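J.: Following this message is one structure expressed as structure tokens.
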Amino acid sequence: MSNRIRLLGGVCLILIAFFWNDLGSIIPTIPDENNEIIIDKPDMEDVANWASVSDSITDPMDKLKLCVFNKIFADRVAGYGATAQQINDIYVDAAKNIFGDSIKGKYEQLSPATQEAMKSVLGNEDHKATQKEKDELSKKFMSFAWYLNN
């Protein structure tokens, strides 16, 4: 039995010596705690529309999650080939999937502000969203993400 243990230990040492340089890439590292969400500063006119909404969100984790959520939406919306209603549905369904009921009714200004942002760009009628509208919507929601992050 002791010969087997010695043999197994020797094989392990040989393998460790042979693969020592590759072990660094296998062992996970802890990321820096200073990870930042980098969002370019938008026009101050766009930011002003989100000021009271962002300030009303008091929970730092909710603020962070909403920032990331709106940044991702803003990054993606310009590439959607969808109607105005489908874009609105995507935003609402994604929010339900991400947040569930955790922020439902928690921040009075949030829902009306996002609805108004959609309406101000896409209007009330369902239609195929133009690239200009999608770019404008992206800009609006990136402004919201920026304000939440600052």
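Coordinate-derived values only; no laboratory data. If you're wondering where the values come from, they're calculated on a predicted model, not measured in any experiment. In this analysis, Cβ positions are derived from the backbone assuming ideal geometry, glycine residues included, and neighbour counts consider all displayed protein chains.
J.: Taking 20 Å as the cut-off for C-alpha to C-alpha distance, list the pairs among K104/K128; K65/K104; K63/K96; K71/K140 that go past it. Present the calculation step by step, with values, prior to reporting the outcome.
T.: On the way: K104/K128 29 Å; K65/K104 14 Å; K63/K96 16 Å; K71/K140 10 Å.
In this structure, K104/K128 lie more than 20 Å apart at Cα.
J.: To the nearest 10 degrees, how steep is helix 84-99 against the longest Cα principal axis of the chain, on a 0 to 90 scale?
T.: Helix 84-99 sits roughly 50 degrees off the main axis of the chain.
J.: In degrees between 0 and 90, to the nearest 10, how far off the longest principal axis of the chain does helix 131-149 point, with axes built from Cα atoms?
T.: The answer is roughly 70 degrees.
J.: Here's a follow-up. Placing +1 at every Lys and Arg Cβ and -1 at every Asp and Glu Cβ, with all other atoms neutral, what dipole size does the chain have around its Cα centre, in debye to the nearest 20? Please report the intermediate quantities before stating the final value.
T.: Values: 16 positive and 22 negative charges, 152 e Å.
Here the size comes out at about 720 debye.
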